[in-house]
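> What follows is a single structure, and I will ask about it in a moment.
The values are calculated or read from the model by the stated rules, or taken from the named source; none is laboratory data. The model shown is predicted, which means the values in this text are computed figures rather than measured ones. Cβ placement follows ideal geometry from the backbone for every residue including glycine, while neighbour counts extend to all protein chains displayed.
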Amino acid sequence: MFFSIPIFLMITFSISVTNAISKTEKPKISINGSGLKIPRIVSLKNSLTYMRSGPGKEFPVKFEFKQKGHPLKIIAEYNNWRKVVTFNNISGWIHTQLLSSSRTGLITETTFLKKIPSSSGNSLAKLLPNLLINIKKCNVNWCKVEIIKKKVFIGWIKRDAIWGSIEINLL
């Protein structure tokens, strides 16, 4: 009986300390990852890419992308797998070999491609939502972009009309 009280107190103390520590630790968003900033924007290398439900080929395909350059936001890392989220909030895992650091974005609202970074500047084209663009550089309010269709268009778009521009460093 004499030994059971100190043992009981030690067990109680260790359980309460463990609970206190586990409640204060933030969950890890990177396990053996790249060490790069999270979240960040990446794009797809290939025109056909599978998003999986977990970090490995043994996990089922959750979604299929068919657009090279499509932008994704990395929200977590596990070894060579990246948990990503789309503009439409679809999330899943993609292997790093299928991702590129090329800066792309999606137009979120009908907007105009401007010759200069100013609302009063001449418009070069009307851009519709979900249009894929290449982002060249951004300042606080505007991004210089490239759009490749039958012709190449280069101009400026308001930064808040581009999904994928928020995490880009200012130049």
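> Within the stretch 83-93, count every residue that is within 10 Å of residue 72 (Cα to Cα) and outside any loop (DSSP other than H, G, I, E, B).
Here the count works out to 4.
> While we're looking at this one, here's another question. Does residue 148 satisfy the criteria of being out of contact with any Gly (no Cβ under 6 Å at 6 or more places or on another chain), modelled with pLDDT of 95 or more and either surrounded by fewer than 20 Cβ atoms within 10 Å (Cβ to Cβ) or of a type in the set (Ser, Thr, Tyr) (or both)?
Here the answer is no, as residue 148 does not meet what is asked.
> Please go through the stretch 90-102 and give me each residue that is under 25 Å from residue 159 (Cα atoms), at pLDDT 95 or above and out of contact with any Phe, Trp or Tyr (no Cβ under 6 Å at 6 or more places or on another chain), ordered by number.
91, 99, 100
> While we're looking at this one, here's another question. Return the residues of the stretch 73-82 that are out of contact with any Pro (no Cβ under 6 Å at 6 or more places or on another chain) and either surrounded by fewer than 21 Cβ atoms within 10 Å (Cβ to Cβ) or over 19 Å from residue 35 (Cβ atoms) (or both); say none if nothing qualifies.
Those that are out of contact with any Pro (no Cβ under 6 Å at 6 or more places or on another chain) and either surrounded by fewer than 21 Cβ atoms within 10 Å (Cβ to Cβ) or over 19 Å from residue 35 (Cβ atoms) (or both): 76, 79, 80.
> Checking the structure you have, find out if any residue of the stretch 56-71 is modelled with pLDDT under 60, out of contact with any Cys (no Cβ under 6 Å at 6 or more places or on another chain) and surrounded by fewer than 16 Cβ atoms within 10 Å (Cβ to Cβ).
no
> Further question: Any residue that is surrounded by 16 or more Cβ atoms within 10 Å (Cβ to Cβ), within 30 Å of residue 29 (Cα to Cα) and of a type in the set (D, E, K, R) - is there at least one of those in the stretch 105-119?
No, that holds for no residue.
> Same structure, new question: Do you know which residues across the stretch 80-100 are of a type in the set (S, T, N, Q) and either in the same structural domain as residue 150 (by TED's automatic domain parsing) or over 11 Å from the mean Cα position of the chain (by Cα) (or both)?
Once the filter is applied, which keeps residues that are of a type in the set (S, T, N, Q) and either in the same structural domain as residue 150 (by TED's automatic domain parsing) or over 11 Å from the mean Cα position of the chain (by Cα) (or both), the stretch 80-100 yields 80, 88, 96, 97, 100.
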